[in-house]
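**Q** Sharing a structure with you now.
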Amino acid sequence: MKISLRWLKEYVDVEIPRDELLARLTMIGLICEEWTETPDGDTVFDIETYANRPDTLGHIGIAREVGVMTGYPLKERVHPVVELPSRTSEIVDVQVLDEDLCLRYAGYVVKGVNVGPSPEPLRKKIEAMGLKPINNVVDVSNIVLFATGHPIHTFDLAKVGGRRVVVRRARKGETLRTLEGKDVALGPDMLVIADDSRPIAIAGVIGGEASGITGETRDVFIESAVFDPSSIRRTRKALEIQTDASYRMERGVDVGSAPEAAAMAASLLCSFGGRVSKDLIDG
């Protein structure tokens, strides 16, 4: 897991020298395999993580560990938004049909987003994680994932048929073209996110091309969910698709982190002109 020291300091004061920090992280089982200095003065640690420590797959989780070992409290995290007059449930209909595979499903709608390049601070965070910035909405998804360790997904709401989001098992014969442009055949044991007529994402693994964010997107549905880890692992292996989202989901993300991940995404999208629906859908 790559950890940006500059980013880490947004969540906890780190007032000890780098070498001492690395030594103390090693003592609590978070071993830094290597580190690099970026041209703009940041330090990025590559910290070894373990299957039973999914809480360390995000900057906030590492900040929590640093806070405990140094005595520094975590900084308060606030996610201000500009609200719409409408409730989320009045804009999009969310139905979870297979609750055994979906432990929690939360979401907001953000309207009026101006899609474009991310501002420099977000780009630097994305690049520190070894990724290339794509656009501000997609980048926000990655920012939230690497901050909280909780994957989210963003859908172009205009491309969600019937404004319905249905969490269900795939049906026989259904297929999906992924965001990577790969056509996959779905099996009845795979959990998908569907609209009123077709799958639009593979739950916890990857989104579909048809509902993806483009320069024409204006209204976004934010999904912040928790799916059954074993189901995600089986689906990922069957389709031979591994993503940063599936890596975390199959290790078990914190059920309690879904609302904050959604709120963080909504707040960031507000900075791009968006306005957020009232009341988190959460079930």
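**Q** So the label point goes 7 Å from the Cα of Thr38 along Cα→C-beta, right? Which residues of segment 122-155 then have their backbone N under 13 Å from it?
**A** Label zone hits: 122-133, 143, 147.
**Q** Next question. Does anyone have the angle between helix 18-27 and the longest principal axis of the chain? Alpha-carbon axes, 0 to 90°, nearest 10?
**A** Taking the Cα atoms of the chain, the angle to 18-27 is about 70 degrees.
**Q** Say each of Ile31 and Asp46 gets a label point 7 Å from the Cα, pointing the same way as Cα to Cβ; how far apart are those two points in nm?
**A** Taking the two extended label points, one gets 1.4 nm.
**Q** Next up: Is it possible to state the helix-based mean residue ellipticity at 222 nm for the chain, with each DSSP H run of 4+ residues giving -39500 (n - 2.57), the sum divided by total residues, to the nearest 500 deg cm²/dmol? What is it? Walk me through the numbers on the way to the answer.
**A** Numbers: 9 runs with 82 residues, N = 283.
It comes out at -8000 deg cm²/dmol, rounded to the nearest 500.
**Q** How long is the gain from Arg171 to Glu99 if the chain were fully straight, where each residue apart is worth 0.36 nm and the alpha carbon distance is subtracted?
**A** 24.3 nm
**Q** Next question. Could you give me the ³J(HN,Hα) list for segment 65-82, computed from phi with Karplus coefficients 6.51, -1.76, 1.60 and θ = phi - 60°, whole Hz, x at Gly and Pro?
**A** 5, 4, x, 5, 7, 10, x, 7, x, 5, 6, 5, 10, 10, 10, x, 9, 9
**Q** Once you have the alpha carbon radius of gyration of segment 195-283, what is it after dividing by 2.2 N^0.38 Å, with N set to its residue count?
**A** Numbers: Rg = 14.3 Å, N = 89, 2.2 N^0.38 = 12.1 Å.
It is 1.18.
**Q** On to the next question. Which whole-number percent is the relative contact order of segment 1-118 (Cα, under 8 Å, 6+ apart)?
**A** For segment 1-118, the relative contact order is 27 percent.
**Q** Over the chain, what is the relative contact order in percent, taking alpha-carbon pairs closer than 8 angstrom and at least six residues apart? Before the final figure, lay out each step's value.
**A** On the way: 603 pairs, mean separation 71.2, N = 283.
Computed value for the chain: 25 percent relative contact order.
**Q** Rounded to the nearest 20 Debye, what is the dipole magnitude of the chain about its Cα centre when Lys and Arg each give +1 and Asp and Glu each give -1 at the C-beta?
**A** Roughly 620 debye, rounded to the nearest 20.
**Q** Could you give me the ³J(HN,Hα) list for segment 163-169, computed from phi with Karplus coefficients 6.51, -1.76, 1.60 and θ = phi - 60°, whole Hz, x at Gly and Pro?
**A** With coefficients 6.51, -1.76 and 1.60, one gets 6, 10, 10, 10, 9, 8, 6 Hz.
**Q** Let me ask you something else. With everything on Cα atoms, drop me the angle between helix 229-239 and the longest principal axis of the chain, reported from 0 to 90° to the nearest 10.
**A** Roughly 70 degrees between the two axes.
**Q** Let me ask something else. Based on Cβ point charges of +1 for Lys and Arg and -1 for Asp and Glu, what charge dipole magnitude is obtained for segment 208-283 about its Cα centre, in debye rounded to the nearest 20? Before the final figure, lay out the partial values.
**A** Details: 9 positive and 12 negative charges, 33 e Å.
So the magnitude is around 160 debye.
**Q** Here is a further query. Taking the alpha-carbon centroid of each part, what is the distance from segment 1-56 to segment 112-131 in angstrom?
**A** 21
**Q** Kindly state, to the nearest 0.05, the FRET efficiency for Asp196 paired with Ser271, given R0 = 25 Å and r defined as their beta-carbon distance. Write down the numbers at each step before the final one.
**A** Values: r = 32 Å, r/R0 = 1.26.
The computed FRET efficiency comes out at 0.20.
Here, each number is a calculation from the coordinates, and none is a lab measurement. All of these numbers come straight from a predicted model, not from anything done at the bench. All Cβ positions, even for glycine, are placed from backbone atoms using ideal geometry, and neighbour counts span all protein chains on display.
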